[in-house]
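See below for the structure under consideration.
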Amino acid sequence: MASVVNKPPFFDPVQHDVLVALEPFVVDLTQAHLERRKLWFPNELMPADDGPGVEADVELKQVREAARGLPDEVRVALAINLLTEEGLPHFHRLIAVYLGNESPWSAWNNLWTAEEDRHGCAMRDYVRDARIFDMGALERMQYRYIESGFNPAWEQDPYRLLAYTSLQERATQMAHANTGRSCGAYEPKIQRILAHISGDESRHYAFYRGVFNEVVERDTERALYALLKVMPALAMPGHTIPNYDLMSEVVRRGDIYGPRHYQKIVEELLAFWRIGGLTGLSAKGRELQDKLMKIPARLARMADYVEAKSSPRSFTFDFLGDRQIKL
Ligand SMILES: [Fe+2]
Ligand SMILES: [Fe+2]
């Protein structure tokens, strides 16, 4: 077997030229992002110090009392959302590998990483202060998650990275927003944190889908090919963790995030990029277009199947003290 150690990223020369030509657009999108965002910090949401009118001990007591009401499926959603955020080293690395380290792309990567880094921090501050998990068990899971690495089969195709990040940002935005909504009745604090996070995710989503839109316009067939490789199933870095599938199933049963949500995201992006309406394609391009437009129906059939075979059962997780969760 050939060694792949230190194999440099190789881009198709056309893709390389498209990425370089997109740099001024990336500068503009980054600027637009900076103008729209309001920078916030985890300590504003979960203060670790006594500010005016704030007594940290009293606050902590209130947080713990309110958190007691959180349903288990919401706790599982918080765990999976936190893990996903803590996968940031994987994503930062992939973006740097695929988009380089000395260009407006890397300026975006650093800005994006700084924003994303607050998401894991803010959620961790909350779950730790609220005492909703066995933190040791959660930390062991997080450790394995980072240690197992993440190498999606993108085959040196930077368009797959851009397609993936578009889908992923919308998926995390939806998961955080829906988790926050489910928390709202019990815990306004975590709902507020998740609202801040999902606001960031929707601005990130605007960036990546805007970039990919340009790719579709400038290099249509390769863009369609990349989409077809990524869209049918969104690989998550956590899928190697024991129990990850069961956690996903709990979150699906709680109607927080599942195949129906993913189907909606796929439909939304196919429409945003106007994939169905593309004209002037070659025979191969039309074939790719056709296959892409069939994905939503296939995802719907998969969701139907999952729902049809789903019957009440119980789940246990070590980070929730191995108690029975019946759903
Ligand atoms: Fe995030
Ligand atoms: Fe994001």
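The values are calculated or read from the model by the stated rules, or taken from the named source; none is laboratory data. All of these numbers come straight from a predicted model, not from anything done at the bench. With ideal geometry, Cβ positions are generated from the backbone for all residues, glycine too; neighbour counts draw on all protein chains shown.
So for segment 236-255 (the condition being closer than 21 Å to residue 157 by Cα and free of Cβ contacts under 8 Å to residues at least 40 places away in the same chain), does at least one residue qualify? Within segment 236-255, none of the residues are closer than 21 Å to residue 157 by Cα and free of Cβ contacts under 8 Å to residues at least 40 places away in the same chain.
Screening residue 186 with (1) more than 16 Å from ligand 2 (Cβ to nearest atom); (2) part of a helix (DSSP H, G or I); (3) not acidic (Asp, Glu) gives one miss only, at (2).
Let's see how each residue does on (1) touching a residue at least 24 places away in the same chain (Cβ under 8 Å); (2) within 26 Å of residue 178 (Cβ to Cβ); (3) among the acidic types (Asp, Glu):
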{"residue": "64", "(1), (2), (3)": "yes, yes, no"}
{"residue": "87", "(1), (2), (3)": "yes, yes, no"}
{"residue": "107", "(1), (2), (3)": "yes, no, no"}
{"residue": "112", "(1), (2), (3)": "yes, yes, no"}
{"residue": "115", "(1), (2), (3)": "yes, yes, yes"}
{"residue": "136", "(1), (2), (3)": "no, no, no"}
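The residues in segment 216-252 that are at pLDDT 95 or above and out of contact with any Pro (no Cβ under 9 Å at 6 or more places or on another chain) can be counted, and the count is 21. Scanning segment 297-327 for residues that are loosely packed, with under 12 Cβ neighbours inside 10 Å and not basic (Lys, Arg) returns 297, 305, 308, 311, 312, 314, 321, 322, 324. Listed by first and then second residue, the pairs linking a residue in segment 162-180 that is within 14 Å of residue 91 (Cα to Cα) and away from ligand 1 (no atom under 11 Å from the Cβ) to a residue that is part of a helix (DSSP H, G or I) and among the small types (Gly, Ala, Ser), with Cβ atoms under 7 Å apart and 6 or more places separating them unless they lie on different chains, are 163/226.
If the condition is being within 16 Å of ligand 1 (Cβ to nearest atom) and in a loop (DSSP other than H, G, I, E, B), then segment 118-150 contributes only 150. Looking across segment 162-178, just one residue is surrounded by 23 or more Cβ atoms within 10 Å (Cβ to Cβ), more than 10 Å from ligand 2 (Cβ to nearest atom) and closer than 14 Å to residue 80 by Cβ, and that is 175. Could you go through segment 259-282 and let me know if any residue there is within 22 Å of residue 161 (Cα to Cα) and in contact with a Gly (Cβ under 6 Å, 6 or more places away or on another chain). Within segment 259-282 (the criterion being within 22 Å of residue 161 (Cα to Cα) and in contact with a Gly (Cβ under 6 Å, 6 or more places away or on another chain)), the answer is no, since none of the residues qualifies.
Of everything listed in (1) surrounded by 21 or more Cβ atoms within 10 Å (Cβ to Cβ); (2) within 14 Å of ligand 2 (Cβ to nearest atom), the single unmet condition for residue 206 is (1).
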